[in-house]
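Chemist: Supplied in structure tokens, the structure appears directly below.
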Amino acid sequence: MISENLNSALSLIKTQSILSKKFDKLNIHGLGLSDFIILYLLKNSPNNQCRRIDLAVRMGITASGITRLLAPMEKTGLVDRQSNTRDARVSYVVLTKVGERIYEEAKITAEEVAEEIFSSLKKKNHSMLMDVLNDLISKFN
């Protein structure tokens, strides 16, 4: 027998795995789920750019983790690196025009996947789910 808290954690982990698998449909755009999330975060950042460390925090990963994710995205021209003219220690990740186009195309697929996943939830349950998830996120941010 396991505790209710551990059971909840395991259920969230399983749900995350299922959702990740569903979002494999983003592969038709040459993206993984993490790539899509990075493009989404950049598209919704001022000037379509973000400091690497801030992007890592928003993704919930380490600085080295974001560097590993960004390297292939830079090679394929989805994002670019830009240094800060005032502080050489700071670098920005910038969404390129190609990255913006791919994001807009992939967003349609992501919306279809999300609709498939959540369309059967009642509005009340969807609101409660979002409340719980937002509570968990805010606890660890």
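The values are calculated or read from the model by the stated rules, or taken from the named source; none is laboratory data. The model shown is predicted, which means the values in this text are computed figures rather than measured ones. Reconstructed Cβ throughout: ideal geometry from the backbone, glycine too, with neighbour counts over all protein chains shown.
Chemist: Conditions first: (1) of a type outside the set (F, W, Y); (2) surrounded by 13 or more Cβ atoms within 10 Å (Cβ to Cβ); (3) part of a helix (DSSP H, G or I). V94 passes all but one, so which condition is the exception?
Modeler: (3)
Chemist: Out of A88, A71, I need the residue that is modelled with pLDDT of 90 or more and either surrounded by fewer than 14 Cβ atoms within 10 Å (Cβ to Cβ) or under 16 Å from the mean Cα position of the chain (by Cα) (or both). Which one?
Modeler: Just one listed residue meets the conditions, A71.
Chemist: Among the numbered criteria (1) surrounded by 18 or more Cβ atoms within 10 Å (Cβ to Cβ); (2) more than 23 Å from E111 (Cβ to Cβ), which one does G99 miss?
Modeler: Only one criterion is unmet by G99, namely (2).
Chemist: Could you list, ordered by first residue, the pairs with Cβ atoms under 9 Å in which the first is in the range 78-89 and closer than 28 Å to I102 by Cβ and the second is among the hydrophobic types (A, V, I, L, M, F, W, C) and assigned to a loop (DSSP other than H, G, I, E, B), at least 6 apart or interchain?
Modeler: Going by the 9 Å Cβ cut-off, the qualifying pairs are L78/L31; S83/V90; N84/V90.
Chemist: Report every pair of residues separated by at least 6 positions or lying on different chains whose Cβ atoms are under 8 Å apart, first residue within the range 118-141 and outside any helix (DSSP H, G or I), second at pLDDT 90 or above.
Modeler: What qualifies is L121/L129; N141/V57.
Chemist: Look at the range 35-53 and say how many of its residues are exposed (fewer than 15 other Cβ atoms within 10 Å of the Cβ) and of a type outside the set (S, T, N, Q).
Modeler: 4
Chemist: Taking the conditions exactly as written (touching a residue at least 60 places away in the same chain (Cβ under 8 Å), β-branched (V, I, T), surrounded by 11 or more Cβ atoms within 10 Å (Cβ to Cβ) and touching a Lys or Arg at 6+ places or on another chain (Cβ under 8 Å)), does V113 satisfy them or not?
Modeler: yes
Chemist: Would you please list the contacts, defined by Cβ atoms under 9 Å and residues six or more apart or on different chains, that run from a residue in the range 28-53 that is over 23 Å from N84 (Cα atoms) to a residue that is among the basic types (K, R) and modelled with pLDDT of 95 or more?
Modeler: Every condition considered, the pairs that remain are F36/K107.
Chemist: Still on this model: Would you mind finding the one in V94, V113 that is touching a Phe, Trp or Tyr at 6+ places or on another chain (Cβ under 6 Å) and under 22 Å from L26 (Cβ atoms)?
Modeler: Result of the check over V94, V113: V113.
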